[in-house]
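The structure appears below as structure tokens.
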Amino acid sequence: MKLQRFGHVRSFVEKHRVQSGVFVVAGICAVIIIIQLVYPWDKLPLYTVIDSVAVGGKSNDEVVDIMNKKYADVSLQLYFGDGARPYREPQPADIGLSIDSSKQIQTSQYEWWQRLIPTSLWWAHLLNNDKEKPTYKNNSEKALAYIQKEFGKECTIHPRNATLKYDNDRLMVVSAIDGGTCQTDDVLKLLKNAKPTLNDAAIKISIKPEPATITDVDAGKFASKIEDRTATGLTIAVFGNAVTVDRPTLLSWLDFTSPNSGMKVSVNTKRANKFFANSISPKVTKSAGTSLVTTLDFTIISQQTGISGQELNIDATIKAVEDWLTGSKDVVSAQVSAVAPNIIYTRKYSATDTGITALITQFAQSHSGSFGVSFIELDGQKRRAVYQDGKLFRTASTYKLFVAYSTLKRIESGKWKWSDQIQGGRNLAQCFDDMIVKSDNACAEALLYKIGFRAVTDEIHSIGLSNSSFMNEHIETTAGDLTTFVGALYAGQILSKTSTNTLLSAMERNIFRQGIPAGAKGTVADKVGFLEDYLNDAAIVYSPTGTYALTIMTKGSSWGTIAELTRQIEALRTK
């Protein structure tokens, strides 16, 4: 009885233990299901992978954004024929292809029924991964435009010959790419039907092949030839000395091209220049001497010639290296060029037309910038000198002299009155004065538009300023025309005495005095112009030694240079 009673007890305990285990497992499952049910419904299951991208635990919107960006950035690989390398690698947008992963993401959702299965949060991704592909949309017009841009209207792909490059201390073959002719319609169809993924973005296009002329084998043979030639480096003879170029340095200089006629090797001057400058140039360079030359006007009157120097002719030396590489020369020698001696000029000028012209010419040629100069004495010896006086320059504000002339003509005819309102509450008298004295642009433009571009041009042409015009893209004139204008103004040949005095008085009060006035002695009536890198000055100079007209027009010069030229002209006149 005791044994039987003990058996009943043990059976009860075991049954209770099993029931407890079931309850524990059921409890754990219930907890897991609860966790899965409260897991955010807009997130994908853990460990989800879409097109090789791990996106588990991320929200739908986040995954769509990630995948769309990756699809937009994928490089499509366009292969032609049996080519081993892609001919082009456009992005989808280049061929009018847009890729949307929204539908793809929808099929990877963590479904409600899956959430009721314990532990599915950790393995549901196995049921969902890559069940659906993204959605593709094509723009045929953009695809066709891409084809025509990259392959031409004839859809011809030109072959690329094999060549060489220096890398990791050796010459490497850059493989040939065969070309051929394709059919535009076939390529368009392939691009329209393309459905690339991140793991497979290859598009193979059939072509009628045109093999490269220089093959990888040809390039390899040429590389062997160059490597054999350069095995021990290069020795350059430098006037009895030997300068050695080690093999890696020499190979690093080389560029290779592959015309159909055969491979070519050349030395890249930029890469070789440092070596030549440091190792060869100092051994061949000889400083040149100095020649002393004295001139009178345009004539050399004495000359002491200095010795010539020499310097490395790097282009000729590099040509010798290239000839050695190809085997047409067995020895490379440094090549030199003669260097002319420096020249120091002592300039002397006669106080004549020729002398002043020589001064102006040689001054302009020895200073930076472009010059146009015209000088006329209005009394005394009436000497004249010019340099490029017919060269066209933008007038800058010197055009205001021409506008002033047309304005005064209308005052003289009675068409206009000084009390006429012109601009911003200013009458004609005020505007005229501001235009010349202060170089006021608003008044000048108002008067110019009131008179008319054609009218001003015709009126200045009628007084002989044939090179000046308001009718081109820019208002232009010459030093000769401006000197003619101010000279005729001073002589009273183009305006009445009252009008002449009005304009000259305003010019004398011009507030910009850095050019001719800064270099001249006496009173100066002038009008300057400055625009971008144009600096111009047209003047009547009432010098103590006589009155003269001077115009200096420049591009890329300075007011100080204009003043210095004026100073030198004045000094020569008084000799």
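Quick notes on this structure:
- Complete set of residues in segment 505-531 that are free of Cβ contacts under 8 Å to residues at least 60 places away in the same chain and surrounded by fewer than 21 Cβ atoms within 10 Å (Cβ to Cβ): SER505, GLU508, ARG513, GLN514, ALA518, LYS521, GLY522, THR523
- The set of residues in segment 197-210 that are touching a Leu at 6+ places or on another chain (Cβ under 7 Å) and either among the aromatic types (Phe, Trp, Tyr) or part of a loop (DSSP other than H, G, I, E, B) (or both) contains only ALA201.
- Taking the criterion of being free of Cβ contacts under 8 Å to residues at least 12 places away in the same chain and of a type in the set (D, E, K, R), the residues of segment 50-70 that qualify are GLU62, ASP65, LYS69.
- Only residues that are surrounded by fewer than 19 Cβ atoms within 10 Å (Cβ to Cβ), part of a loop (DSSP other than H, G, I, E, B) and hydroxyl-bearing (Ser, Thr, Tyr) were counted across segment 244-273, and they come to 1.
- Residues in segment 176-190 that are surrounded by fewer than 16 Cβ atoms within 10 Å (Cβ to Cβ) and either touching a residue at least 12 places away in the same chain (Cβ under 8 Å) or in a strand (DSSP E or B) (or both): THR181, GLN183, THR184, ASP186.
- Residues of segment 492-517 classified as among the hydrophobic types (A, V, I, L, M, F, W, C) and touching a strand residue (DSSP E or B) at 6+ places or on another chain (Cβ under 9 Å), total: 6
- If the condition is being closer than 15 Å to SER252 by Cα and either of a type in the set (D, E, K, R) or over 38 Å from the mean Cα position of the chain (by Cα) (or both), then segment 216-233 contributes GLU227, ARG229, THR230, ALA231, THR232, GLY233.
- Checked against the criterion of being at pLDDT 95 or above and either under 34 Å from the mean Cα position of the chain (by Cα) or farther than 30 Å from SER75 by Cα (or both), the candidates PHE276, PHE239 yield just one match: PHE276.
- Among all positions in segment 253-267, there is at least one residue which is of a type in the set (D, E, K, R), at pLDDT 95 or above and within 37 Å of the chain's Cα centre (by Cα).
- Qualifying position, being at pLDDT 90 or above and either charged (D, E, K, R) or surrounded by fewer than 12 Cβ atoms within 10 Å (Cβ to Cβ) (or both), among LYS70, LYS15: LYS70
- All of ASN161, ASN199, ASN193, ASN139 fail the test of being more than 30 Å from LEU251 (Cα to Cα) and either surrounded by 13 or more Cβ atoms within 10 Å (Cβ to Cβ) or among the hydrophobic types (A, V, I, L, M, F, W, C) (or both), apart from ASN139.
- Search result, residues across segment 280-290 that are part of a helix (DSSP H, G or I), exposed (fewer than 15 other Cβ atoms within 10 Å of the Cβ) and in contact (Cβ under 8 Å) with a residue 12 or more places away in the chain: LYS283
- Boolean, ALA194 is in a loop (DSSP other than H, G, I, E, B), touching a residue at least 24 places away in the same chain (Cβ under 8 Å) and either of a type in the set (A, V, I, L, M) or within 30 Å of GLY220 (Cα to Cα) (or both): yes
- Among the candidates TYR79, TYR110, the residue that is assigned by TED's automatic domain parsing to the domain that holds LEU191, aromatic (Phe, Trp, Tyr) and touching a Leu at 6+ places or on another chain (Cβ under 7 Å) is uniquely TYR110.
- Among the residues here, GLY425 qualifies as more than 43 Å from the chain's Cα centre (by Cα), of a type outside the set (Ser, Thr, Tyr), modelled with pLDDT under 95 and at positive phi.
- Of all residues in segment 222-242, at least one satisfies being more than 20 Å from LEU325 (Cα to Cα), in a strand (DSSP E or B) and in the same structural domain as LYS283 (by TED's automatic domain parsing).
- The listed residues are ILE99, ILE105, and the only one of them that is assigned by TED's automatic domain parsing to the domain that holds LEU198, over 30 Å from ILE207 (Cα atoms) and either surrounded by fewer than 19 Cβ atoms within 10 Å (Cβ to Cβ) or of a type in the set (A, V, I, L, M) (or both) turns out to be ILE105.
- Taking every residue in segment 481-504 that is more than 15 Å from GLY464 (Cβ to Cβ) and pairing it with any residue that is among the small types (Gly, Ala, Ser) and surrounded by 18 or more Cβ atoms within 10 Å (Cβ to Cβ), at least 6 positions away or on another chain, the pairs with Cβ-Cβ distances below 6 Å are LEU503/ALA404; LEU504/ALA525.
The values are calculated or read from the model by the stated rules, or taken from the named source; none is laboratory data. Computed from a predicted model, the values in this text were never measured in an experiment. Cβ: placed from backbone, ideal geometry, glycine included. Neighbour counts: every protein chain shown.
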